[in-house]
1. Which of the aspartates and glutamates could a cross-linker span from K106 if the Cα-Cα distance has to be under 12 Å and same-chain partners fewer than 8 positions apart are dropped?
2. Running Debye on segment 95-146 with equal point scatterers at the Cα sites and no solvent, what base-10 log of I(q)/I(0) appears at q = 0.14 Å⁻¹?
3. Using the beta-carbon distance between R140 and S86 and R0 = 22 Å, what value does 1/(1 + (r/R0)^6) give for FRET efficiency, to the nearest 0.05?
4. For a label point 7 Å from the Cα of T126 along Cα→C-beta, name the residues of segment 86-111 whose backbone N is under 13 Å from it.
5. Output the peptides 119-131, 74-86, 50-62 sorted from most to least packed, where packing is the average of other Cβ atoms within 10 Å over each peptide's residues.
6. Note down the net charge around D129, summing +1 for each Lys or Arg and -1 for each Asp or Glu among other residues with Cβ under 15 Å from its Cβ.
Amino acid sequence: MRVTFSRIIPLRHDDKKQRQRQSRRAAFPATIPRTTKASVGRSTTAETPLHVRARGVVISDALRAYVHERTGFKLGKFGLRIARVSIRFEDVSGSTGNAACVCKFKVVLPRHEQVVVALTGGDPRTTFDAAVDATERAVRRSLDRSRNSRKRR
């Protein structure tokens, strides 16, 4: 007779890391309810707000959806460490008449410094594409720096 013991580990449905793994590349929502905000703590990508603002630049609904989707794809892997993301588009063409747009990212990381990235380009979409890549690198660098400083202590 053979006796086999198996260890049963209950899976909690409220496990945020598990939910984050499932929705890692999900788009950031535009808003979340205030009551949810207060109780979230470490939030998954689906619970992290992303605000898109435009000043002097017309942002179409298609571009706004693309911004939410692409930002979720690029920054979703850091979803548990990001409190909120803000993206601003501004027209800085001036009196010369050349079309110029600035895309500014502000990523708030709890217990870390804020990551701010600003890039200038001619078209809002191409400027956003370059800025989201730079923001991903900057967030990774910031989190790696804090991780390495804790190891040295």
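1. Qualifying aspartates and glutamates at Cα under 12 Å: E136.
2. The calculated log intensity ratios at q = 0.14 Å⁻¹ are -0.41.
3. Step by step, r from the Cβ atoms, then E = 0.75.
4. Residues 99-101 qualify, since their backbone N sits under 13 Å from the label point.
5. Ranked from most to least packed, the peptides come out as 74-86, 119-131, 50-62.
6. +2
Laboratory data are not the source of any read-out in this text; all were calculated from the coordinates shown. Note that the structure is a prediction, hence the values are computed from the model and not measured. So basically every Cβ, Gly included, is an ideal-geometry build from the backbone, and we count neighbours across all protein chains shown.
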